[in-house]
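The values are calculated or read from the model by the stated rules, or taken from the named source; none is laboratory data. Keep in mind that what you see is a predicted model, and the values were worked out from it rather than measured. Virtual Cβ from ideal backbone geometry, glycine too; neighbours counted across all protein chains shown.
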């Protein structure tokens, strides 16, 4: 991935992060005044942490730890962008609290479903292309993943009138949910297979572990609306991102 494209993706991610952060703080200020903060915090805080860990990781990997090779070096800029975009799920709650409508429910739902499924495909790509990397094949895979995710996101039935949608955009179709879980499970399995390679270095093992933690944690935060599951997911996600950053200090995976 060229530097210009990488910086463009990073700029878009930063814009999304700042926009959603403003929405979260604006909603928080209003809920504190209304005395309903305890109800809203379980939805707003996980997204805030998710957003900023993704952005900080992207900045560190981009400006401090470039060089070397690896499939994830080409995937990570787009992956962190999709992780940030998936937090658009909090906009229905923001709009309900502030009565300020930024996007329609259908647009929010499509963007959320697309970001969730495409990030799952990118996690899978990182696992599948660990041993060998062919830029052409990886590019083709990414294009196919993006096209498939967008098509499915547009076609999937969504119950925007579901009361849960007032808190967060969520997956109301079981088939789509099953596809997301399956793709994430395959991504974890791909990294587990790599970890059993006898010739795998300790740094590569740690990198695989970091991705497994990120996959599990991000899926729990992005899919669930439960406070307990979100908390556990954040622990996994933060641990995975932190491990990845520490590993890249010496291994350099950002191309």
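Annotation: of all residues in segment 205-241 being without any contact (Cβ under 8 Å) to a residue 24 or more places away in the chain and in a helix (DSSP H, G or I), the one that is farthest from residue 86 (Cα to Cα) is 205. Checked against the criterion of being touching a residue at least 40 places away in the same chain (Cβ under 8 Å) and not in a helix (DSSP H, G or I), the candidates 194, 188, 158 yield just one match: 158. Kindly evaluate residue 34 against the criterion of being at pLDDT below 85 and over 22 Å from residue 234 (Cα atoms). Against the criterion (at pLDDT below 85 and over 22 Å from residue 234 (Cα atoms)), residue 34 qualifies. Residues in segment 152-185 that are crowded, with 16+ Cβ neighbours inside 10 Å, modelled with pLDDT of 85 or more and under 20 Å from residue 221 (Cα atoms): 6 in all. Among the residues of segment 13-33, the one identified as exposed (fewer than 15 other Cβ atoms within 10 Å of the Cβ) and in contact (Cβ under 8 Å) with a residue 60 or more places away in the chain is 26.
Here residue 245 does not fit the description of being farther than 30 Å from residue 98 by Cβ and without any contact (Cβ under 8 Å) to a residue 60 or more places away in the chain. Screening residue 59 with (1) surrounded by fewer than 13 Cβ atoms within 10 Å (Cβ to Cβ); (2) under 16 Å from the mean Cα position of the chain (by Cα); (3) under 14 Å from residue 77 (Cβ atoms) gives one miss only, at (1). Quick check: is even one residue across segment 177-184 in contact (Cβ under 8 Å) with a residue 24 or more places away in the chain and more than 18 Å from the chain's Cα centre (by Cα)? No: zero hits. Does residue 226 satisfy being within 20 Å of residue 90 (Cβ to Cβ) and in contact with a helix residue (DSSP H, G or I) (Cβ under 6 Å, 6 or more places away or on another chain)? So residue 226 does not fit the description; no.
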